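Throughout, read-outs are computed from the coordinates displayed, never taken from laboratory work. For clarity, every value in this text was computed on a predicted model and none was experimentally measured. When we count neighbours, we look across all protein chains shown, and the Cβ atoms used for this are built from the backbone with ideal geometry, even at glycine.
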Amino acid sequence: MATYDPVTTAKALAESYVHARQAQVDTNTKKTQSKTTALTSLQSALSGFSTALSSLSGKGSVIAQTAAVSRSSAAAATVSSAAAPGNYTFGVSKLATAQQTLYSMQDLGLAPDTDYPKDATMVVSAVGGAGYVQVDLDKADENGDGKLSVTEIARALNQASAGKITASMVTQGGEQKLMLTSTETGEANAFELKMQKQDGSAVALVAGQKLSEAQDAVFTLGAGTGVEIRQASNTYTGIEGLTLEFKEVTTSPFTVTVAKDEAATKANMQGFIDAYNGLVKTIDKLTAAGSAEGGVAAAALNGDSGVRGLRNQLNSLLRSTVNGVSLTDFGISAQRDGTIALDAGRFAKKVASNPDALTSLLGKTDTLEYKRTGVLGSLQTYVGSWTNSSTGYLKTRQDGLQKQLTQYTKDQSTIERLYAQAYQRYLTQFTTLANLEATMSNTSNYLSSMFAPSSKS
């Protein structure tokens, strides 16, 4: 009688038949998937570093400035690195305001619940020549009842104004009125409203009730009598790197003090260092050698010459010089583990003596490669050669790995086919053998019983 199961035996032999191939495909697939994941992590780290470069470049300079207003209620100040340190004195005699006018339906010649003139057009024209808004009353009648509501007029004006004015409905003493507000301050943005025929004739000026006049800001720059400046906006940008937002009319001058912000400058530089060190640590993690004694497997990109070249090139770019000056001169030095560190004292001293040199050394990033300068620009260009979504090194590597995974999928299909063929072959063979053994066993038992000596009672 058979001492084995044909099904179990066929499975074992079929698995043995494809074992070597299966083990190779499993190993290759796992290794390739690990590399794909690692390269995705590297892509993320490089993109994050590039964002940090752009963020630092967007500040204009690592050298930070601060602007303090002697009377905070008078103005708010923001400053960039382009501003020259110093004191600036201002006095504000007028704030810029926008025109705001309230109109009743009677003002417009459109008494409530009465039919509007079918050939009339409402025109809002800018007194300062900034254009006009024109509304056909017939088209403003959305429900087609021959009458106009304040809401319908306001909606039509807003649709036609292209942002020049805003129209809204307000209720005063139970009466709905139309309120028009200029979106820009200053005398040049004053407006007037007219009712006229569609052919432009029979112009009728509508006065309305002015709630706010269009007015320019008037202020002085400088101590004493100063220099009078008039402009449409309350935002003053006439001093390079300094932006002031006037908030009130003043009875006495106030001062804006621009000075270097040493703490913020150090923080800007430290932010760059932290971003670089974060990238280096990610690369080191992805290329770690592991430890056979400690049972720690090597990282997916261990021994990868391309990634090793990336790390070396980043380090080389950090050592770049501009006009004979390098980051080392500003107290930024390499550590044994490949990261960089800041000597705060040396940094502060060098920045104080030659801030322009640091600004020039770091340079700037830009979407256009030819506009990139200094260390930041060089790093951006090199990182971009890795991260570019169409031509970057990582894209090429990922595409190659994906082709490998596709091939391993095909190989797996082949293995499954070979396994099925081997299993069927072995199953047929051992089922036949088992049947033969069973037949022989039955015959042997029959013969044994036939020739066995009979017992006498």
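Compute the distance from the alpha-carbon center of segment 319-348 to that of segment 82-119, in whole Å.
Their Cα centres are 56 Å away from one another.
Note down the nm distance, to one decimal, between modelled labels 7 Å out along Cα→Cβ at T381 and at S291.
Rounded to a tenth, the inter-label distance reads 4.2 nm.
Report the full-extension gain for the segment T8 to N445: residue separation times 0.36 nm, less the Cα-Cα distance, to one decimal in nm.
Extending this stretch completely gives an extra 154.6 nm.
Would you list, by chain and number, the aspartates and glutamates whose Cα falls below 13 Å from the Cα of K285, excluding same-chain residues fewer than 8 positions away?
D304, D337
Rounded to the nearest 0.05, what FRET efficiency do R425 and L405 give with R0 = 25 Å and r taken as the Cβ-Cβ distance? Could you check?
Using R0 = 25 Å, I get an efficiency of 0.25.
Could you tell me the calculated FRET efficiency between A344 and K281, based on Cβ-Cβ distance and R0 = 22 angstrom, to the nearest 0.05?
Once rounded, the FRET efficiency stands at 0.55.
For E416 paired with D366, estimate the spin-label separation in nm (one decimal), with each label point 7 Å from Cα along the Cα-to-Cβ line.
Placing both labels 7 Å beyond Cα along the Cβ direction yields 5.5 nm.
Find out how many positive minus negative residues lie around V92, taking Lys and Arg as positive, Asp and Glu as negative, among other residues whose Cβ is under 10 Å from that of V92.
Working: positive: K94, K247; negative: E248.
Once all neighbours under 10 Å are counted, the net charge is +1.
Take the Cβ-Cβ distance between K147 and S34 as r, set R0 to 56 Å, and report the resulting FRET efficiency rounded to the nearest 0.05.
Once rounded, the FRET efficiency stands at 0.15.
What number, rounded to the nearest 500 deg cm²/dmol, is the helix-based mean residue ellipticity at 222 nm of the chain, given -39500 (n - 2.57) per DSSP H run of at least four residues and division by all its residues?
-15000 deg cm²/dmol
Listed highest first by mean packing, meaning other Cβ atoms within 10 Å per residue, what order do 384-391, 291-298, 426-433 come in?
My ranking of the peptides, most packed first, is 426-433, 384-391, 291-298.
With a 10 Å radius around each residue's Cβ, average the other Cβ atoms per peptide and rank 319-326, 157-164, 356-363, highest first.
Details: 319-326: 12.6, 157-164: 15.8, 356-363: 19.0.
Sorting 319-326, 157-164, 356-363 by mean packing, highest first, produces 356-363, 157-164, 319-326.
Give me the extension gain from R336 to N323: residue separation times 0.36 nm, minus the current Cα-Cα distance, reported in nm with one decimal.
Here the answer is 1.9 nm.
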